[in-house]
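Since every read-out is calculated from the coordinates, none of them should be taken as a lab result. Since the model is a prediction, treat every value here as computed from it, not as a measurement. Here the Cβ positions follow ideal geometry from the backbone for every residue, glycine too, while neighbour counts run over all protein chains shown.
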Amino acid sequence: MNEKDVVLLGRALREHGVAVTPSEVVTGATAFSVIDQADREEVFLSLRSIFTSRVDDFPIFEQLFGRYWDNTPEKHVEREGLSKTTLQVRPGAPRRGLAYFLENWGAAPAEDSEPIKVPGASEGESAAEKDFSSFGKEDLDDVARVARRIVKRLAKNPSRRWRPVRRGSRINLRRSLRQSLKTGGELIELSYKERKPKRTKLVVICDVSGSMDLYSRLLLQFIYGLQNSFAKVESFVFATSLSRITGHLRNKTYEHALERLAAKVRGWSGGTRIGESLAAFNAEWLRRIDKRTVVIVLSDGWDTGEPEQLARALSQLQRRAGRVIWLNPLLGSSAYEPLTRGMQAALPHIDVFAPAHDLASLRALEPHLIL
Amino acid sequence: MRAEVQQIKRLLEEQVYVTDAAVATALYLSMTLGKPLLVEGPAGVGKTEIAKVLAQALNTKLIRLQCYEGLDATTSLYEWNYPRQLLHIKLEESSPIPEAEKEATIFSEAFLLKRPLLQAITEQERAPVLLIDEIDRSDEEFEAFLLEVLSDFQVTIPEIGTITATHRPHVILTSNRSRDLSDALRRRCLYHWIDYPSLEKELAIVHARVPAISEILSRDVTKIIQRTRTMSLSKVPGVAETLDWATALVALNATQVDREVLDETIGCFLKDDADIAAFKAQFDSNHG
């Protein structure tokens, strides 16, 4: 192995998805000159500490290092999990999906408000317990109210950092002292400070596939409510592919928003590919997720894709996000158990697993949104 | 193996720290290339210990910055000594010194409270070891601020000017991976991962740190701990717990681990009620 191989190894790692920067390659080459180049272990350990920056990258490094140490760089190493899998669509009755609902949303409540047999439907009569699947149009206002309340709470949540204010309960000594110099050290005018509000961001990823038909109406209203009272909400919907709808829901009346959305989603199929959709989300949006972000996934977990892909995408998301909440409308039913392959794969990688089938369950969400 | 790496290994071992080539190489590179070393691993495997032992081995000062959410420049870098400033202003109240000069006086180094980062930069004698502990517990804002300090080891205080490090500190950062650190910070650092030790290594650690322990007892202890780590517990015991337990057993004059001794000392390595119940159930099924 020589210095050139070090550079090539760096490049090979980059090709395999390990983010090795040019400056790290330079560091690697520099390090190479100060270590025992004949000692395989020492070269291995040194370059590993420079080129990798997380333990998950160790296996791929080990494989590639072996090739360059023996001077036999060759074909692409299969990085675990990067292989594409073909997707199968779940057989069964064709579902209508969001597009259908959006086209008929005005007429829908009357027709749909008949109690339909769904898991999660409750027998109670009060609005809070009424299952969303039997919601009328006017009930949607309640949903919007809950959304606004949640958002208000989020905005008020104090962080541990301070900011100066005109009037407050805590004295800002640094500023006060500075000002007191004008009056010969007499503290006449005091400056104050207060806790900076925590800027929690919210990302909502909503399943609008056929199996979610009964809940789409409510969940969209909920997202719409969130979107319009809180600046830092990003919303996405998915069925077989992912679509960002933040702009479509913003600053419009609900009717108007739905019209615009209908135009966008027309022609969607009713199948679900949660794993693939989340992976698509990660590819583009993961960088913007940080510890101040709460990610809410709204889905019943009926996935036609590979559960491994779902698990991988979710664990990536969980590592970056402050909290990952999975809301499953079916969870409202006592008989429901999250046994689907998708849900099973997802469970280890979510922080909060909660129902979302009635108003009470949405209200119960509030404490989970506070980081 | 390079002589310097061997020397570091020997120095660490003199401080009763059982080490391996990986740690020694990482430390050697970190010191030679002047790059911070990021140490990751589960809780209780001796990440912090590396910094402590390094400071002892180099016979230099250990400066520790414990991170937490909301940690900012005033608690990590510097703060003005307000009470002293106030007193000084009062004393000088009637003196004819012009205001500008008064201001310059109270914002001079004598009125500066040096927090860990500034201490590390201004250390005069020799390069100290700067331990930034549990960086994953601080927030992104602090991480960004830290990047700035670590990139050129200089700090600008508006009232005083720019202070540049006299000796570049040896920086060690630890993380429990409770959150993902930014790529920028990771790239700036060398990376070292410490996992739970193997049976042999843990045995060696026990003998090194609890010399009074008998061969039988130390085998019992490490075997049980190693097996405990394979169970699904809410709090997995680290090496620190192993040592606590071994020390306790020696103090109790135990010759081997039986049910009675276990009942008395289980709190040394399991800290959760449900974990203790699960462990005891398994212990009983294994030992008749």
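Of note:
- Normalising the average separation of contacting C-alpha pairs (under 8 angstrom, six or more residues apart) by the number of residues puts the relative contact order of chain B at 23 percent.
- Of all aspartates and glutamates in the structure, those lying under 16 Å Cα to Cα from B:Lys47, and not within fewer than 8 positions of it along the same chain, are B:Glu13, B:Asp20, B:Asp133, B:Glu134, B:Asp136, B:Asp195, B:Glu202, B:Glu241.
- Net dipole in debye of the range A:3-69 [+1 Lys, Arg Cβ; -1 Asp, Glu Cβ; about Cα centre; nearest 20]: 220 debye
- Angle between chain B longest axis and helix B:140-152 axis [Cα atoms, degrees, rounded to 10]: 70 degrees
- Long pairs among B:Lys35/B:Lys114; B:Lys61/B:Lys235; B:Lys52/B:Lys201, criterion Cα-Cα beyond 27 Å: B:Lys61/B:Lys235
- Length gained on full extension, A:Glu186 to A:Arg145, computed as 0.36 nm times the residue gap minus the Cα-Cα distance: 9.7 nm.
- Look at the dipole of chain B built from charges on Cβ: of B:Ser138, B:Pro237, B:Asn81, the Cα furthest out on the positive end belongs to B:Pro237.
- Average other protein chain Cβ within 10 Å of Cβ, residues A:41-52: 6
- Modelled label reach - B:Asn253, point 7 Å along Cα→Cβ, the range B:208-227 residues with backbone N closer than 16 Å: B:213-214
- Normalised by the number of residues in the range B:145-247, the average gap of Cα pairs under 8 Å and 6 or more apart makes the relative contact order 20 percent.
- Across the options B:Leu118, A:Asn282, B:Thr156, the greatest Cα extent toward the positive end of the charge dipole of the protein assembly as shown (unit charges at beta carbon of Lys, Arg, Asp, Glu) belongs to B:Thr156.
- Loop-located trypsin sites (Lys or Arg not before Pro) in the range A:181-210, at most 15 other Cβ atoms within 10 Å (DSSP): A:Arg199
- For the protein assembly as shown: rounded, prolate or oblate by the Cα gyration tensor [a/c cutoff 1.5]: oblate
- Taking a point 7 Å from the Cα of A:Thr246 along the Cα-to-Cβ direction, the residues of the range A:203-224 with backbone N closer than 19 Å to it are A:203-207, A:220-224.
- Rounded FRET efficiency, nearest 0.05, which uses the C-beta distance separating B:Ile276 from B:Leu87 and R0 of 41 Å: 0.15
- For the protein assembly as shown, with +1 on Lys and Arg beta carbons and -1 on Asp and Glu, the positive-most of B:Trp193, A:Ser211, B:Leu91 along the dipole: B:Leu91
- For the residues of B:140-146, the average number of beta carbons from a partner chain within 10 Å of their own beta carbon is 1.
- Anchor B:Lys90: aspartates and glutamates whose Cα lies under 15 Å away (excluding residues fewer than 8 positions away in-chain): A:Glu186, B:Glu99, B:Glu101, B:Glu103
- Cβ-based net charge around B:Val53, under 15 Å, with every Lys or Arg adding one and every Asp or Glu removing one: +2
- Within the range B:139-154, backbone nitrogen closer than 17 Å to the virtual label 7 Å beyond the Cα of B:Thr75 toward Cβ: B:139-146
- Nearest-0.05 FRET efficiency for B:Ser108 and B:Arg227, computed from C-beta distance (R0 41 Å): 0.10
- Each Lys and Arg adds +1 at its Cβ and each Asp and Glu adds -1 at its Cβ; summed about the Cα centre, the protein assembly as shown shows a dipole of about 2020 debye.
- Mean separation of Cα pairs under 8 Å and 6 or more residues apart, divided by the residue count, gives the range A:3-69 a relative contact order of 38 percent.
- A Förster radius of 60 Å combined with the Cβ-Cβ distance from A:Ala283 to A:Gln179 puts the calculated FRET efficiency at roughly 0.70.
- Among the GluC sites (Glu not before Pro) found in the range A:183-233, those both in a DSSP coil and sparsely packed, with 15 or fewer other Cβ atoms within 10 Å of their Cβ, are A:Glu186, A:Glu189.
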